[in-house]
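Peer 1: Quick one: structure below, then a few questions.
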Amino acid sequence: MQQLNAENTVVLGVSFDTVAENRAFAEKFDFPYLLLCDTDREIGLAYHAASNPDQASANRITYLIGPDGTILRAYPKVTVETHAGEILEAVRGARSAGGPDPGTAPEVGPS
């Protein structure tokens, strides 16, 4: 997480849980980033982390979004143990290439 911070990268999580539930979860697992609440599933539906508004929990998915709001890359399947390294590599790659690489954003839809 420190390396991502050093790359001026902001990490946010989104959950369907309430503020109180997210706070308890983040404290229990010592989360190093903010968890946003999406109790109405609006973000989850827009970013394909949910296929319907009644879905109990969000699919684990990551979007790397550039400073201009462009989705640079989508990660529809995430392996917790290696994912931070993947993101760090992508951030550094985009930066060394002189900016976003629009060819790296695959189509993502409901699972």
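Peer 1: Among (1) in a loop (DSSP other than H, G, I, E, B); (2) farther than 30 Å from residue 95 by Cα; (3) out of contact with any strand residue (DSSP E or B) (no Cβ under 7 Å at 6 or more places or on another chain); (4) not basic (Lys, Arg), there is one condition residue 17 misses while meeting the rest; what is its number?
Peer 2: Result: residue 17 passes all but (3).
Peer 1: Any idea which of (1) exposed (fewer than 15 other Cβ atoms within 10 Å of the Cβ); (2) at pLDDT 90 or above; (3) touching a Lys or Arg at 6+ places or on another chain (Cβ under 8 Å) is the one residue 63 doesn't satisfy?
Peer 2: Every condition holds for residue 63 apart from (1).
Peer 1: Of the residues in segment 24-46, how many are under 30 Å from residue 95 (Cα atoms) and touching a residue at least 24 places away in the same chain (Cβ under 8 Å)?
Peer 2: Total meeting the criteria: 5.
Peer 1: Still on this model: Based on this model, can you work out whether residue 57 counts as more than 12 Å from residue 13 (Cβ to Cβ) and in contact (Cβ under 8 Å) with a residue 40 or more places away in the chain? It would help to see each step written out before you state the result.
Peer 2: On the way: more than 12 Å from residue 13 (Cβ to Cβ): yes; in contact (Cβ under 8 Å) with a residue 40 or more places away in the chain: yes.
For residue 57, the condition - more than 12 Å from residue 13 (Cβ to Cβ) and in contact (Cβ under 8 Å) with a residue 40 or more places away in the chain - is met.
Peer 1: Sticking with this one: Just for segment 49-98: of the residues that are part of a loop (DSSP other than H, G, I, E, B) and of a type in the set (A, V, I, L, M, F, W, C), which one is nearest to residue 6 (Cα to Cα)?
Peer 2: Initial filter on segment 49-98 (part of a loop (DSSP other than H, G, I, E, B)): 49-61, 66-70, 76-79, 97-98.
So of that shortlist, the ones also of a type in the set (A, V, I, L, M, F, W, C) come out as 49-50, 56, 58, 61, 78, 97.
Numbers: 49: 28, 50: 31, 56: 35, 58: 28, 61: 23, 78: 22, 97: 18 Å.
So the residue we want is 97.
The values are calculated or read from the model by the stated rules, or taken from the named source; none is laboratory data. Just so we're clear, the structure is a prediction, and the values are computed from it rather than from any experiment. Ideal geometry is used to build each Cβ from the backbone, glycine not excepted, and the neighbour counts take in all protein chains shown.
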